[in-house]
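Heads up: the structure comes next, in structure tokens.
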Amino acid sequence: MNFFQAIILGIVQALTEYLPVSSSAHIRIIGDLMLGADPGAAFTAIIQIGTELAVILYFRRDIINILSHWFGCLFGKNGPDWRARMGRGDKYATLGWNVIIGSIPIIILGFTLQNIIETSLRNLWITVTVLFLFGLLLWIVDARSRQIKTMDDMNYRDAFLFGLGQSMALIPGVSRSGGTITVGRALGYTRESAVRLSFLMAIPAVFGSGLLEAVKAVKNAGTDRMFPGWIPTIIAMIISFLLGYIVIIGFLKFVSTFSYKAFSIYRIGLSVIVALLLLFGALKPYEPVKAASAASVVNPVSIVTVEQSAAAVR
């Protein structure tokens, strides 16, 4: 990976991270077209931190309110009984608990299905399929669901269902925001509320896992053949942060006026294009074994399993 390719991938990450079109699918596809392999664990983890920092900056007031009210209630500010400590009557503290509950499914599934996620689910035919199916599902759900709920209407049940929607993004092509937004619209949340909840739900899981992966990946950056060096990587992260902040603003304005139909059409069109590229051999369904080995540097114990799985898929 050279300097120019690193910048391109930083732009791709920023443009697709928040939209319901799957950033992981775009990084996987464009990385394969430009590099012939996965962009690498270290680079991918680091540029994702840039887009999550943009979310934290944009929602900084909400985050400060959530944290201050959540801790205040937990330590008895609203009363000593357990209901008061759980945020009874405090919308920000309640939202904090909802975010925690919504983060549970992706944390559990992410750990228990890690090997499958990093191997079998990387097949581009799976990505093509879920791009199409979830694009169609988002289109149908958004068109037929009412807009009657706001963020203040969220309860623990809805939070858990949002979390299940978010956890579906463990499959490349589903889209984290697409999964949560689809569930939100199915539950009757307004388009803007569904987006805002999607952003807030993502912060603990995505930013936390991104930092952990970045720390592990940085230690092994020297052995990652795809790592372009620190200067282009940091510049790509800065680009993903700055451009990502602009995308958040534009996306929220867009969904406050228009439906998600355009994103559904884009997903369906992209799935058709990628399927044709696969059929004509321009893309390989599964990343080469060398790329898998580079990605598995984060977990050396799983190198053999990754290579065997890749060979089995092929």
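The values are calculated or read from the model by the stated rules, or taken from the named source; none is laboratory data. Worth saying up front: this structure is predicted, and the values here are computed from it rather than measured. So basically every Cβ, Gly included, is an ideal-geometry build from the backbone, and we count neighbours across all protein chains shown. Protein only, heavy atoms only, side chains kept; ligands, DNA and RNA dropped before computing areas. Shrake-Rupley method; radii C 1.70, N 1.55, O 1.52, S 1.80 Å.
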### Query
Quick one: would you say G31 is closer than 20 Å to F251 by Cβ and either assigned to a helix (DSSP H, G or I) or in contact (Cβ under 8 Å) with a residue 12 or more places away in the chain (or both)?
no
### Close pairs from the range 144-165: first more than 28 Å from G110 (Cα to Cα) and among the hydroxyl-bearing types (S, T, Y), partner open to solvent by less than 90 Å² (accessible area, probe 1.4 Å) and part of a helix (DSSP H, G or I), Cβ under 6 Å, at least 6 apart
S145/R185; S145/A186; T150/S193
### Message
Can you confirm whether A45 is part of a helix (DSSP H, G or I), open to solvent by less than 10 Å² (accessible area, probe 1.4 Å) and either in contact with a strand residue (DSSP E or B) (Cβ under 6 Å, 6 or more places away or on another chain) or of a type in the set (A, V, I, L, M) (or both)?
### Response
yes
### Task
Please give the number of the condition K216 fails out of (1) of a type outside the set (S, T, N, Q); (2) touching a residue at least 60 places away in the same chain (Cβ under 8 Å); (3) on the phi < 0 side of the Ramachandran plot; (4) crowded, with 18+ Cβ neighbours inside 10 Å.
(4)
### Task
May I ask you to list the residues in the range 52-75 that are closer than 14 Å to S240 by Cβ and modelled with pLDDT under 90?
E52
### Query
On the given criteria, is K253 at pLDDT below 85 and assigned to a helix (DSSP H, G or I)?
no
### Query
Which one of the conditions (1) part of a helix (DSSP H, G or I); (2) open to solvent by 10 Å² or more (accessible area, probe 1.4 Å); (3) modelled with pLDDT under 90 does F258 fail to meet, given that it meets all the rest?
(1)
### Query
Failed condition for V255, given (1) under 20 Å from the mean Cα position of the chain (by Cα); (2) closer than 20 Å to L35 by Cα, with all others met?
(2)
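Would you please name the residue that is surrounded by the fewest Cβ atoms within 10 Å (Cβ to Cβ), looking only at residues in the range 219-246 that are closer than 13 Å to L53 by Cα, of a type in the set (V, I, T) and touching a helix residue (DSSP H, G or I) at 6+ places or on another chain (Cβ under 7 Å)? Let's see the steps before the verdict.
Restricting attention to the range 219-246, the residues satisfying the condition of being closer than 13 Å to L53 by Cα are 237-246.
Going one step further and asking which of them are of a type in the set (V, I, T), we end up with 238-239, 246.
Cutting the leftovers down to touching a helix residue (DSSP H, G or I) at 6+ places or on another chain (Cβ under 7 Å) gives us 238-239.
Working: I238: 14, I239: 20.
That would be I238.
I'm trying to understand the selection: among the residues of the range 48-78, which are assigned to a loop (DSSP other than H, G, I, E, B) and either open to solvent by 10 Å² or more (accessible area, probe 1.4 Å) or of a type in the set (A, V, I, L, M) (or both)? Don't jump to the end; show me each part of the working.
First pass over the range 48-78, keeping only residues assigned to a loop (DSSP other than H, G, I, E, B): 59, 75-78.
Within the range 48-78, F75, G76, K77, N78 meet the criteria.
Condition first: at pLDDT 85 or above and closer than 26 Å to D158 by Cβ. Can you find one or more residues in the range 204-215 that meet it?
Among the residues of the range 204-215, at least one is at pLDDT 85 or above and closer than 26 Å to D158 by Cβ, which makes the answer yes.
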## Note on the structure
Taking the range 100-128 and keeping residues closer than 20 Å to S198 by Cβ, more than 16 Å from the chain's Cα centre (by Cα) and open to solvent by 60 Å² or more (accessible area, probe 1.4 Å) leaves I100
### Residues of the range 174-192 classified as in a loop (DSSP other than H, G, I, E, B) and at negative phi, total
3
### Query
Looking only at the range 247-267, which residues are touching a helix residue (DSSP H, G or I) at 6+ places or on another chain (Cβ under 6 Å) and aromatic (F, W, Y)?
Y260
